[in-house]
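Input: a single structure, listed below in structure tokens.
The values are calculated or read from the model by the stated rules, or taken from the named source; none is laboratory data. Source: prediction; values computed, not measured. We place every Cβ from the backbone using ideal geometry, glycine too, and count neighbours over all the protein chains shown. Accessible surface areas use protein heavy atoms only, side chains included; no ligands, DNA or RNA. Shrake-Rupley method; radii C 1.70, N 1.55, O 1.52, S 1.80 Å.
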Amino acid sequence: MKESTPVESQVASLLRGCEHVYTVEELRARLASGKRLRVKLGMDPTAPDLTLGHTVVLRKLRQFQDFGHLAVLIIGDYTARIGDPTGRSKTRPMLTTDEIKTNATTYMQQAGKVLDLSPNKLEVRYNGEWLEKMTFADVVKLMSEMTVARMLERDTFAKRQAEGKEIFLHELLYPLMQARDSVEIHADVELGGSDQTFNNLCGRDLQRNVGQPPQIVMTTPLLVGTDGKNKMSKSMGNYIAVTDPPSEMFGKIMRIPDELMRNYFELLTDVPAEMIADYTNPGTGNPRDAKEFLAKTIITQYHSTADAQAAADEFRRVHGGSGERGLPDDIPEVAVPTDKIRDGNIAVIDLLVDCLGEKSRGEARRLVAQRGVKLNGTALEDANSAIQVKTGDVLQRGNRRFVRLRVGNP
């Protein structure tokens, strides 16, 4: 993606994988203004490792970077002392300063696997910069920005209150502290998982109160863990860590329930929607093929193509089976245009456009980049190359489109 991408194309890309946007109209207008947006993501370093669940929102932040906007990563060194009460049935234990520093360092190393860490693309701030300097009078003023009734609307607090469980006063401060971060950095957009909706909307409220344009809030779905039931988390043991070795990552992805594949494809990869539909169609798709493609795609992002292939080969050796689906019985035959053959070779792009019927050369390039086209079962890897084909070769797009090539006269 490039910084010159038209506004509507930016909007379409940014909305993919989002659960809610407050509001789409504001996002479109802010993008159309031509201003370089300050896009905020807050992360409390409460654990040493990032999982693929964390990368869902990090990938959204990277999209903004690719469109030319500034990512502002807030490391919650101060808010981590309280702990976000979101989704918690009891009060979080407070972390020590040393634990927070260690976790923050690890977070940055792992976030670099997704984000562009160039100084002109990323601004890193620690919210202790401003929260630690607040006086008691400042805290009282901050608390006056919200009513108790509004705070207790939050589902986490409402549920604990209904169950007769304790809610400590310091926990009520957390959403206000996170909202204050938005005011301090003049955020145009704040990203977060769907469980952060309340906190992020508080930022809009506080910005209005001080005369700033309210930030646009974009939330992403929570990635379901490998158990197919709960949010991915280390405490649940249903996680895939960003730092997992390729073979371990591959095995975990191959074991996810079939119904999770579409969710993983949409939230963790850039695979085109049409290809996702092909791979996850229960009537025509092969779950093993789909999971192998998914696993290779994800491993390539965090390791390399070679690591992904090695992990696949190892998995097949240990668990058996090639993972290749059989060919359909009624493959249509198409003629390779002789005027496109040069010195016995044909350009991969021409092959896809003329024989597979791809609508555009750009889409053909994207399919090859995503390893979505195979010749005789082997993925084509370079859209700019020229290859030799012969009569009887099978060209395959995804799991549904097959053609048998004919070279020369029948």
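Structure summary
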| read-out | value |
| --- | --- |
| Rotationally averaged projected area of the chain (alpha carbon convex hull; nm²) | 23.4 nm² |
| Distance (nanometres) between label positions extended 7 Å along Cα→Cβ at Ala273 and Glu25 | 2.3 nm |
| Computed over segment 244-393: relative contact order in percent, which uses C-alpha pairs under 8 Å that are six or more apart | 19 percent |
| More than 12 angstrom apart: percent of Cα pairs within segment 156-206 | 66 percent |
| 17 Å cut-off, amide nitrogen to a point 7 angstrom out along Leu117 Cα→Cβ, residues in segment 181-196 | none |
| Dipole magnitude of the chain, debye to nearest 20 (Cβ charges: Lys/Arg +1, Asp/Glu -1, about Cα centre) | 180 debye |
| Solvent-accessible area of Glu292 with every protein chain in place, 1.4 Å probe, in Å² to the nearest 10 | 20 Å² |
| With DNA, RNA and ligands ignored, accessible area of Thr23 (1.4 Å probe; Å², nearest 10) | 40 Å² |
| Spherically averaged projected area of segment 125-227 from its Cα convex hull (nm²) | 8.1 nm² |
| Mean separation of Cα contacts under 8 Å (6+ apart) over length of segment 158-239, as relative contact order % | 23 percent |
| Built amide H within the under 5 Å cut-off of Gly193, gap 5+ | Thr220 |
| Partner lysines for Lys291 [C-alpha distance under 25 Å; skip if fewer than 8 residues away on the same chain] | Lys60, Lys113, Lys229, Lys231, Lys234, Lys252, Lys374 |
| Contour excess over end-to-end distance, with Cα ends at Arg288 and Ala32 and 0.36 nm allotted per residue | 87.9 nm |
| Dipole of segment 200-257 [Lys/Arg +1, Asp/Glu -1 at C-beta], most positive-end residue of Ser235, Val210, Gly251 | Val210 |
| Helix 305-319 axis, angle to the chain major axis (alpha carbon atoms, nearest 10°) | 80 degrees |
| Check: segment 18-79 dipole with +1 on Lys, Arg Cβ and -1 on Asp, Glu Cβ, in debye | 380 debye |
| Leading residue at positive end of dipole, the chain (Cβ point charges), from Ala179, Thr297, His69 | Ala179 |
| Relative contact order (%) - criterion: Cα under 8 Å, at least six apart; region: the chain | 14 percent |
| Sites Ile167 and Gln212, calculated FRET efficiency, Cβ-Cβ separation with R0 22 Å, nearest 0.05 | 0.15 |
| The chain - accessible surface per residue (Å², probe 1.4 Å) | 47 Å² |
